[in-house]
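Take a look at the structure set out below.
Just so it is clear, none of the values below were taken in a lab; they were calculated from the coordinates. These figures come from a predicted structure and were not determined experimentally. Note that each Cβ is placed from the backbone with ideal geometry, even for glycine, and that neighbours are counted across all protein chains shown.
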Amino acid sequence: VHAAVRALINAYCTHASISPAVGDKFATMLENEAIAFLDSNLDDVDRLAQQLWTSCIELKGTATPHELSFILNEAIRQDRKNEAMLRPAAQLVHNLNRLCVTRRTDTDA
C-alpha cells in the first residue's frame, strides 16, 4: 500500500506541476499518521489503505490543497489519460474494496 500511495502521489504531483519534494513530504506525513493510528500493526494493509484514504492531511503546492481522497478521485477521473496515476489508484481501490465487499463462498450459494 505504501508503494502504491507514493506512486499515486508522485504521479499526481507530475500531473499538477507540484514539486516532488512537496509530494514526498505529504506521503511521509500520511504514513506517519497511519502508523500511529494503527499502532504499528501494518500487517492489515486494507485498514492501512482506509486510514490513508480518510486522512485529513492535505497536499500543499497548489492554490487549493487536496487530501489523498481527492487525488484518488482525480486519478479515476483521468482514467486512460494518465496511466501513471491510474495503476497505483487501482491498487488502493482494491484494498479499500476488500473492506466494503463480502465475497461469497461456495457454501453461500
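Tabulated results
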{"read-out": "Cα long-axis angle, helix 83-100 against the chain (0 to 90 degrees, to the nearest 10)", "value": "40 degrees"}
{"read-out": "Square roots of 5 times each gyration tensor eigenvalue, C-alpha, the chain, largest first, Å", "value": "26, 18, 10"}
{"read-out": "Cα lying deepest toward the dipole's positive end in the chain, options Cys100, Ala21, Gln51, charges on Cβ", "value": "Ala21"}
{"read-out": "Fluctuation leader among Ala34, Ala89, Ala16 - the chain, Gaussian network, Cα springs under 10 angstrom", "value": "Ala16"}
{"read-out": "Dipole magnitude (debye, nearest 20) for the chain, charges at Cβ of Lys, Arg, Asp, Glu", "value": "400 debye"}
{"read-out": "Crossing angle, helix 20-37 versus the chain [Cα axis fit, 0-90 degrees, rounded to tens]", "value": "40 degrees"}
{"read-out": "Between 0 and 90°, nearest 10: helix 45-54 axis offset from the chain longest Cα axis", "value": "50 degrees"}
{"read-out": "Counted charge near Ile57, where neighbours are those whose Cβ lies closer than 11 Å (Asp, Glu -1; Lys, Arg +1)", "value": "-2"}
